[in-house]
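Undergrad: Structure incoming, see below.
The values are calculated or read from the model by the stated rules, or taken from the named source; none is laboratory data. On a predicted model such as this, the values are computed, not experimentally measured, just so you know. Counting neighbours? That spans all protein chains shown, and the Cβs are built from the backbone with ideal geometry, glycine included.
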Amino acid sequence: MLKASNLEVVYDDVVLALRGVSVQIPDGAIVALLGANGAGKSTLLRALTGLLDIHDGEITKGQVSLDDRSLNDVNPEKIVTAGVRQVLEGRRLFVELTVEENLKVGAHTARAEMAANLERVYDLFPKLADRRAQTAGYLSGGEQQMVAMGRALMSGPRYLLLDEPTLGLAPLMVEMIRDVIVTINEAGTGILLVEQNATMALSIARHGYVMENGRVVLDRPAAELLRNDDVREFYLGLHPGEDGRKSFREIKHYRRKKRWSA
């Protein structure tokens, strides 16, 4: 199991970004992580994958662990070798390299399995097979997201951490990415899914967490979160309907205090 326990993270020795955060990603499960911008979601992913240093962040309390072995002081390459990979928000491709060259970069810790993993990626994303020799910078946003996910899969991870994989994509592409996430999970990979599209994330997740201001404020099975009135109103744009509000634009100015912050 991959988990964070009572995690506290500070940036630049000043900014407290995570405050006692605890999450668990069991083997073979999809876990959704919801929250507004600035809630601490990306910071949590950086802590899980050893990428805090490059952002001048550090763990000041608590622990990140894999199978009860601490990862607090483990460098990112060893964390990848241990089976934890992250797909960063914004894709972060090598835009001047081809699709296949980008994919092969992801195999640096699993060179012996490169051919088999490359075939697996092309099976998951047939469009990439057709574009394997094309320069990555000329791909559409959805195709670039496929490359980013495929690159992470090239090391055969046990856990895949996805940071906003559907951000800015068209509805049909969102549906395709959703189906691929399910397929990856069905093959045995545990997934931590950070998503603004809460409906999509909770529809495929086993469990979910909601973060606000660096804290976990809700920790429930995904099906329960989908039924939770506060989650429905503040993250799904839905509401009980008693006062006639119709849109998220109206909801986001609504001043009723969330029950978890009462």
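Undergrad: Could you list all residues from segment 202-238 that are of a type in the set (Gly, Ala, Ser) and surrounded by fewer than 23 Cβ atoms within 10 Å (Cβ to Cβ)? Don't jump to the end; show me each part of the working.
TA: Here is the first cut: in segment 202-238, the residues of a type in the set (Gly, Ala, Ser) are 203, 205, 208, 214, 222-223, 237.
Answer for segment 202-238, where residues must be of a type in the set (Gly, Ala, Ser) and surrounded by fewer than 23 Cβ atoms within 10 Å (Cβ to Cβ): Ser203, Gly214, Ala222, Ala223, Gly237.
Undergrad: In segment 1-117, which strands (runs of 3 or more DSSP E) lie fully inside it and hold 2 or more residues that are surrounded by fewer than 20 Cβ atoms within 10 Å (Cβ to Cβ)?
TA: The qualifying strands (runs of 3 or more DSSP E) are 2-11, 15-25, 57-66.
Undergrad: Something else: Output the residues belonging to segment 125-178 that are part of a loop (DSSP other than H, G, I, E, B) and without any contact (Cβ under 8 Å) to a residue 24 or more places away in the chain. Walk me through it before giving the result.
TA: First, the residues of segment 125-178 that are part of a loop (DSSP other than H, G, I, E, B): 125, 131-134, 139-140, 154-158, 164-170.
Within segment 125-178, just Ser140 meets the criteria.
Undergrad: Can you name the number of the only condition in (1) modelled with pLDDT of 95 or more; (2) closer than 17 Å to Asn102 by Cβ that Gly141 fails?
TA: (1)
Undergrad: Which members of segment 88-101 meet the condition of being at pLDDT below 95 and either touching a helix residue (DSSP H, G or I) at 6+ places or on another chain (Cβ under 6 Å) or among the β-branched types (Val, Ile, Thr) (or both)?
TA: Arg91, Leu93, Phe94, Val95
Undergrad: Also: Within segment 181-201, track down each residue that is in contact with a helix residue (DSSP H, G or I) (Cβ under 6 Å, 6 or more places away or on another chain), crowded, with 18+ Cβ neighbours inside 10 Å and at pLDDT 95 or above.
TA: The answer is Ile191, Leu193, Val194.
Undergrad: Among the numbered criteria (1) under 17 Å from the mean Cα position of the chain (by Cα); (2) more than 22 Å from Val84 (Cβ to Cβ), which single criterion is violated by Gly137?
TA: (1)
Undergrad: With Glu100, Glu8, Glu77 as the choices, which residue is outside the structural domain of Asn197 (by TED's automatic domain parsing) and touching a residue at least 12 places away in the same chain (Cβ under 8 Å)?
TA: Unique residue meeting the criteria: Glu100.
Undergrad: When you scan segment 189-209, do you find a residue that is assigned by TED's automatic domain parsing to the domain that holds Pro26, of a type in the set (Asp, Glu) and without any contact (Cβ under 8 Å) to a residue 12 or more places away in the chain, even just one?
TA: For segment 189-209, residues assigned by TED's automatic domain parsing to the domain that holds Pro26, of a type in the set (Asp, Glu) and without any contact (Cβ under 8 Å) to a residue 12 or more places away in the chain: absent.
Undergrad: Moving to a separate point now. Checking Leu18 against (1) closer than 25 Å to Ala187 by Cα; (2) in contact with a helix residue (DSSP H, G or I) (Cβ under 6 Å, 6 or more places away or on another chain): exactly one of these is not met. Which one?
TA: (1)
Undergrad: Looking at Leu118 and the list (1) more than 24 Å from Glu143 (Cα to Cα); (2) assigned by TED's automatic domain parsing to the domain that holds Tyr138; (3) of a type outside the set (Phe, Trp, Tyr), which single condition is not satisfied?
TA: (1)
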